1. Using only Cα atoms, what Kirkwood radius does segment 78-163 have, in angstroms?
2. Restricting to the chain, compute how many DSSP beta bridges are antiparallel as a %, nearest 5.
3. Roughly speaking, what is the stretch gain from residue 284 to residue 316, that is 0.36 nm per residue apart minus the C-alpha to C-alpha distance, in nm to one decimal?
4. Evaluate the distance, in nm, between pseudo-label points positioned 7 Å from the Cα of residue 224 and of residue 277 along their respective Cα→Cβ axes.
5. Starting from the alpha-carbon convex hull of segment 255-320, give the projected area averaged over all orientations, in nm².
6. Can you tell me what the convex hull of the Cα atoms of segment 15-161 projects to on average, as an area in nm²?
7. Each label point is 7 Å from the Cα along the Cα-to-Cβ direction; what then is the distance between the points at residue 309 and residue 108, in nm?
8. Using a Debye calculation, one point per C-alpha and no hydration shell, please list log10 I(q)/I(0) for the chain at q = 0.09, 0.14, 0.15 Å⁻¹ in order.
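Computed from the coordinates by the stated procedures, all read-outs in this text should not be read as laboratory data. Remember, predicted model here, so these are calculated numbers, not experimental data. Here Cβ is always computed from backbone atoms with ideal geometry, including for glycine, and neighbour counts include all displayed protein chains.
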């Protein structure tokens with residue numbers, strides 16, 4: 001019996017020692033980072049800044065594998081079902097949490113991933129067509145209430161962050177506006193510049209060049225505080241307390257990956273993110289650097305999914 005007890009006690013210790021040893025030699029072969037975005041897009045740009053620097057620091061190639069489609073679910077499902085050894089990573093944005101809140105995914109967004117770190121956050125911006133009489137959040141709300149069901153807004157699809165941001169706005173402001181989904185942001189932006197859309201929630205990165213060129217009007221920022229990139233835009237939350245919509249980028253791995261490997265990836269990613277050249281590129285793209293612990297990112301993903309699930313339920317949003 002004493003021998004059995006000794007073996008039982010030694011089991012967890014041996015497992016922990018093995019995991020630590022495995023992390024010390026990690027990575028021993030190339031690591032793939034699955035990106036649910038089209039190559040060359042604004043989100044894909046971020047991972048292409050990080051991958052070669054991880055390669056340089058860790059001595060093995062970090063290969064980017066683009067798997068776009070279904071709101072990022074194709075790539076996410078691939079990672080969720082991979083071997084949990086730290087050699088298959090996922091690069092996600094706010095689209096991951098919005099999609100998880102809007103549809104039944106073939107994976108559990110909270111249980112089948114081990115999150116490593118949030119990388120950056122991007123505030124959304126409330127924008128409008130240039131000739132709208134509304135020049136502030138208050139005026140846009142008043143305009144919408146004056147003509148219920150008349151104002152329209154665009155998004156990149158039902159259940160997208162762009163869509164949910166507007167429905168959260170409608171819910172908090174008590175407004176009734178019409179959703180027009182598009183296949184992509186360029187088409188929606190073209191229609192707003194052409195005066196066929198009244199307003200739209202956009203990423204700061206996507207909106208700022210067009211606001212500065214006076215093609216569309218910037219109404220307000222969707223972060224808690226003013227953005228250094230466009231300090232002239234007041235927060236929506238000044239009028240609708242608690243309103244906040246930001247997208248983000250972050251890295252994760254298949255759920256059940258060895259914790260020492262997750263911790264090592266967290267340290268290495270944060271070291272890469274601390275480089276002056278990386279900070280410069282990310283902030284110029286409109287992002288706010290947000291390195292943190294695996295627990296921080298796990299909490300963030302969970303809170304975002306819960307927030308969007310409330311919006312989906314309250315606004316009776318159905319993704320077909």
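1. On the way: mean 1/r = 0.0606 Å⁻¹.
It works out to 16.5 Å.
2. Details: 27 of 43 bridges.
Given both bridge residues lie in the chain, the antiparallel proportion sits at roughly 65 percent.
3. Working: separation 32, 0.36 × 32 = 11.52 nm, distance 3.74 nm.
Extending this stretch completely gives an extra 7.8 nm.
4. Simple spin-label model gives 3.4 nm for this pair.
5. Values: hull surface 27.3 nm².
Quarter of the Cα hull surface area: 6.8 nm².
6. On the way: hull surface 48.2 nm².
Reported value for the Cα convex hull: 12.0 nm².
7. 1.2 nm
8. -0.50, -1.06, -1.18
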